[in-house]
Amino acid sequence: MKVRAKAIAAVLGVVSIVLMTSAVPSLGVITTPTPSLGLTVSIVPNISGEETPIQAGQKNSIALTVAPGKIGTKIVKIRSASTGGEFISVSIGDAYRVNGALTLNDAKTSSIAAWVTLDRQHALLKPMQVLDLAISIAVPANEPIGIREAYLLVKATDPTSTAKGSVSLAGAARYAVPIYLGVGTTTQIVTSFSVGIITLINTTGGMAFAVPLLNTGMTPIAPVGFLTLGSVLGQLNFAAQIPFAAGVIQPGGSQVVDVLVPAQVPDAVWNVHADVHEGTDHATSDSIVTLKRQGLGASGQLKYYRMILGLISFILFVFVFLYIRRGNREKTRLDAVEVKSDLAEVTLATFQREEERANRKFKNNKGRPSHS
């Protein structure tokens, strides 16, 4: 009995120790959740410099017009959205266009980075803290009129991942704000262009679509775009877009871009749709062209030509049949008329012979003496 009681007491003691150790944390094992990185960036309305007119509708972007030799300033509010501290770094990134859409180029520094002055490039933000960042853009006095595009990059990292000002890319939160800088005045920053009628030409590289572009604005442009083909008769298809790019076109100038016809495009009558972009502006054009290379072309087009040839042959057969039938009817009618004519001639000849015979008989009887 005493042995059983000791065993029960021992078991209860072990359970109590386990419960106590699970309730009291061990030193050096306590962990806290890793704070999630995050930030928001907003643009303060005009400080200096006029808003760029070509960027109407771009709400969260740095858009301003600065004349050559002048300085424009913007204030950007950076707010930490992290539950812990964040190390903030700011830089100017390069931008380029893909089918008219502004795209960040991480591997390149923007050409206007040398014009931009940031009142700070690094800062340590507490949770939910707001930082006002001043950005000044000094345009060189000899800079040509036109549009420049870039990005303001704001990056947040864990403070423990930084060392001597360098920022680790691991676990970084980044916010990219488009920069649209108009070099000149608002009356000078007018970007517009048109696309003319597209034709087919022969080049040393083969058949090509000739796309005429006209700069109708007041700033130099270097538009990019693509062609989309659609069969006029709806029997052929070429789904791929054909990209192209133009060089710099000065205000009032024009350029014809030769876009080689892909070998996969079959001979046909095509509707060529051009979609051309310059920044946020774009223009379109639709033209009908007939692509006809040497030889028979694609099998699908050969089938199409056979159908057309068959239809033409059938129409010719119908016309020939009707013509022959009409000719047979006319011949039958003429034969009947000819038979009737022959009968009439025979009847007339017979009547004339009988009449001549009667006349001779009458004359002969008249010359003979009568017998009384």
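The values are calculated or read from the model by the stated rules, or taken from the named source; none is laboratory data. On a predicted model such as this, the values are computed, not experimentally measured, just so you know. Quick reminder, even Gly has a Cβ in these numbers, built from the backbone with ideal geometry, and neighbours come from all protein chains shown.
So here's what we get for this one:
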read-out	value
Among the residues listed as 134, 95, the single one being within 30 Å of residue 227 (Cβ to Cβ), at pLDDT 85 or above and not in a loop (DSSP other than H, G, I, E, B)	95
Residues that are closer than 16 Å to residue 226 by Cβ and buried (at least 18 other Cβ atoms within 10 Å of the Cβ), drawn from segment 266-278	270, 272, 274, 276, 277, 278
In segment 69-86, residue nearest to the chain's Cα centre (by Cα) [restricted to those that are among the hydroxyl-bearing types (Ser, Thr, Tyr) and surrounded by fewer than 21 Cβ atoms within 10 Å (Cβ to Cβ)]	73
Residue within segment 242-256 that is touching a residue at least 60 places away in the same chain (Cβ under 8 Å), surrounded by 13 or more Cβ atoms within 10 Å (Cβ to Cβ) and assigned by TED's automatic domain parsing to the domain that holds residue 217 present	no
Hits in segment 213-223 (condition: within 17 Å of the chain's Cα centre (by Cα) and either part of a strand (DSSP E or B) or among the β-branched types (Val, Ile, Thr) (or both))	213
All strands (runs of 3 or more DSSP E) inside segment 157-211 with 1 or more residues being over 27 Å from residue 146 (Cβ atoms), modelled with pLDDT of 90 or more and among the aliphatic types (A, V, I, L, M)	199-203
